[in-house]
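Remarks on the structure that follows.
The values are calculated or read from the model by the stated rules, or taken from the named source; none is laboratory data. Model, not experiment: these values are computed from the prediction. Cβ placement follows ideal geometry from the backbone for every residue including glycine, while neighbour counts extend to all protein chains displayed. What goes into the accessible areas is simple: the full protein's heavy atoms, side chains included, and nothing from ligands, DNA or RNA. Shrake-Rupley method; radii C 1.70, N 1.55, O 1.52, S 1.80 Å.
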Amino acid sequence: YHALKNVVIILITPYDPFGLNRMVYTIQNGCLEEPQMPYDDGARTLFLYTRGTVGNPREELRQLLTYMEHTTRANAANENLKQIQSMVETVKHDKGVSVGYMKVYEREEMLLNRGIQQGMKQGIEQGIEQGMKQGIEAFILDNLEENISEERILEKLQRRFHIQEDEAREFFDKYVCAEK
């Protein structure tokens, strides 16, 4: 157990995961039953909030978070960030990376649009189904008010709504029972 390496997970976010406006949140494990008991398994999670204002991290970290929020040459305030900016610019001008990025972007857009289209199709189908049920209900109730016979209403339902006799019977029974 003691031979395991330390693990640090770093999450850089443009939103505040805990709502306290801190630039840095350091999370580590502990014993719930004995909070004062020393325990260090080497695991840490750092949440770095790019828009945070609370806390006093080192200047290099402040500069990094500013750069992550606004990735521009002007915000590359130290040598490490200038090297990163240089790599960003190289990648942006690399046609292979651009083509690969566009393919991934297009695939994601296609999947998103397909999902939206499927959702819209399902919504339209549900709307049509609901509208048809409401229409059938109104049709049955109107015909009952006009003292039209059950047999005649069932015939008209089949013809007007293009449904089978058993389906017409189900609707009739459902709405007549609901009306009583």
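List of remarks:
- Hey, Glu125 open to solvent by 60 Å² or more (accessible area, probe 1.4 Å), over 30 Å from Tyr175 (Cβ atoms), part of a helix (DSSP H, G or I) and charged (D, E, K, R) or not: no
- Note on region 1-18: residues that are more than 19 Å from Thr66 (Cα to Cα) and surrounded by fewer than 10 Cβ atoms within 10 Å (Cβ to Cβ) amount to 6.
- A residue that is open to solvent by 50 Å² or more (accessible area, probe 1.4 Å) and in contact (Cβ under 8 Å) with a residue 24 or more places away in the chain can be found somewhere in region 138-148.
- Within region 149-174, being open to solvent by less than 40 Å² (accessible area, probe 1.4 Å) and in contact with a Phe, Trp or Tyr (Cβ under 9 Å, 6 or more places away or on another chain) holds for Ile153, Leu154, Lys156, Leu157, Ile163, Ala168, Phe171.
- If the condition is being within 22 Å of Val7 (Cα to Cα) and open to solvent by less than 40 Å² (accessible area, probe 1.4 Å), then region 62-79 contributes only Leu65.
- Qualifying residue in region 80-94 (condition: modelled with pLDDT under 85 and acidic (Asp, Glu)): yes
- Checking Arg107, Arg62 one by one, the residue that is part of a helix (DSSP H, G or I), without any contact (Cβ under 8 Å) to a residue 24 or more places away in the chain and among the basic types (Lys, Arg) is Arg107 and no other.
- Screening the candidates Gln134, Gln118 for the property of being modelled with pLDDT of 85 or more and either open to solvent by 60 Å² or more (accessible area, probe 1.4 Å) or not β-branched (Val, Ile, Thr) (or both) yields one hit, Gln134.
- Residues that are charged (D, E, K, R) and either in a strand (DSSP E or B) or more than 29 Å from the chain's Cα centre (by Cα) (or both) within region 21-59 comprise Arg22, Glu33, Glu34, Asp40, Asp41, Arg44, Arg58, Glu59, listed in sequence order.
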